[in-house]
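The values are calculated or read from the model by the stated rules, or taken from the named source; none is laboratory data. Bear in mind the structure is a predicted one, so any value in this text is a computation, not a measurement. As a convention, Cβ positions derive from the backbone with ideal geometry for all residues, glycine included, and neighbour counts pool all protein chains shown. Calculation scope for accessible area: heavy atoms of the full protein, side chains included, ligands and nucleic acids excluded. Shrake-Rupley method; radii C 1.70, N 1.55, O 1.52, S 1.80 Å.
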Amino acid sequence: MYPEELKYTKEHEWLRLEDGRLARVGVTHYAQHQLGDVVFVELPAAGDAVSAGQSIAVVESVKSVSDIYAPVSGRIVEVNSALEDQPELINEDPYGRGWIAVIEMDDPGQADGLLTAAEYKAHIGEA
Amino acid sequence: MTASAEEPKRTPLAGRHLELGARMIEFAGFWMPVQYSGVLAEHRAVRTAAGLFDLCHMGELRFEGPDAAENLQQLTTNDVFRLEPGKGQYTLLCNERGGVVDDCLLYRLGPRDYLLVVNAANTDKVREWARARLRGRVTLRDESSETALIAVQGPRSQTIVGRALEQDFSDLPSFWARTVHAHGAAILVSRTGYTGEDGFELYLDAEAAANLWDRLLQVGQADGLVPAGLGARDTLRLEARLPLYGNELTEEISPLEAGLGFAVKFDKGDFVGREALLAQQERGAARRLIGFEMLERGVPRHGYPIVHQGREVGWVTSGSFSPTLEKEIGMGYVPAALALEAGAEISVDIRGRLRRARVVEGRFLPRP
């Protein structure tokens, strides 16, 4: 449910470190379960500069509207446009095809301050 | 939430919801299931097969006595005298300004015996509002806590309810109700609903509710019956363009503005709000409830501004992704003077971004 190799935020985003300064971002299993059926995702634009804690996307389920926050500061270099037609990927595969964006980090060290899988599980009471 | 806030009330089916893994929320003071397997799956099951709903939170107010009909004629906008025993009608309670106090179903159960079914959030308000206006030989009893209400909605509902109660309901017309006895319980079976599908609403003693729920689920399984929560109930009623009190209807909005003129019978004589409504009818309502579908992606939500030709002109009352149409739809109020007919283009301000939408007349769905 919460892969060891990922970093997490208290706001239920995950972050996967990729080549160099790149970090792929999405929402956790816990988040998608709480949201219920996702029906719409408002994505950022590639090229947008973002700071940690800033809203970069909006995920809407039938009943709720939720902001997704940038776990780190940097620049959006890629967005998952598949979510425009298949928002349900967030429910079906939150750590895979349900990713939201790739951020090129200003400082790769930022990710060190995020939660580990164990810390995140403790945060959501599943430890 | 404050320390003095009351605990939400549990319906007689609360234990069943927990066993079924429902996600529970507080709604109108009750602890209610918002979803079981998921809103979309439950919604589609009701459109294609059938769904089972716990509606025990709804309020049941019983009016009895020789003057019951006269009193209800005064309290409600529809014509009570048209009700034969066994028939129900959609009706409204209005304040003196013509604003909606509640929208309800009224059944005539016997010659001098009426049942008014009200929205859960309004039960206490309506009871006191009605009680203060009663005249003559009539009693008003609030039977909400001892009455359970279970709905079966969807194209398979007649088969399922018939099998569960071992009776044939093919001869029960829409908006009619009859009491049957099955498995030791008296059940008022009404052919009504809030989903735009054929369906039944079953009223019975709270103590007998869990048995009936289990029996329906058991015999309905073969026909695709699934438990459905408040989430699906909301998307289903929106697609059928049925109003929700608190969204499309409030004490500041009249039935004429909401497009519910069919339930306001001016020719029946006096009733609370008649004068204000008649004046509004004569000069024309200033606002009009429209339906719309989004032309650009984005979910319109309650309270979002409606924009026409660059100007904010109204607000969204309800909006959602429509599981059947697979696009976003909504309803909202706009000035009647704009004469926004079918096909007219508007925009919805979705968190600061204008998204185009188109006015749609009538139900969003084709009739079954």
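Quick notes
- Relative contact order for chain B, counting Cα pairs under 8 Å that sit 6 or more residues apart, in percent: 18 percent
- Pairs from the table (B:87/B:265; A:63/B:327; A:121/B:9; B:9/B:125) lying more than 20 angstrom apart at Cα are A:121/B:9.
- Each residue was assigned an accessible area with a 1.4 Å probe, and for residue B:181 the value is about 140 Å².
- Stokes-Einstein D for segment A:7-115, Kirkwood Rh over Cα pairs, 25 °C, 0.890 mPa s (µm²/s): 182 µm²/s
- Between residue B:327 and residue B:137, the FRET efficiency estimated from the beta carbon spacing at R0 = 56 angstrom works out to 0.55.
- Sequence-separation-based contact order of segment A:7-115, relative, with Cα cut under 8 Å and 6+ spacing, percent: 33 percent
- Relative contact order %, segment B:59-140, counting alpha carbon pairs below 8 Å whose residues are six or more apart: 40 percent
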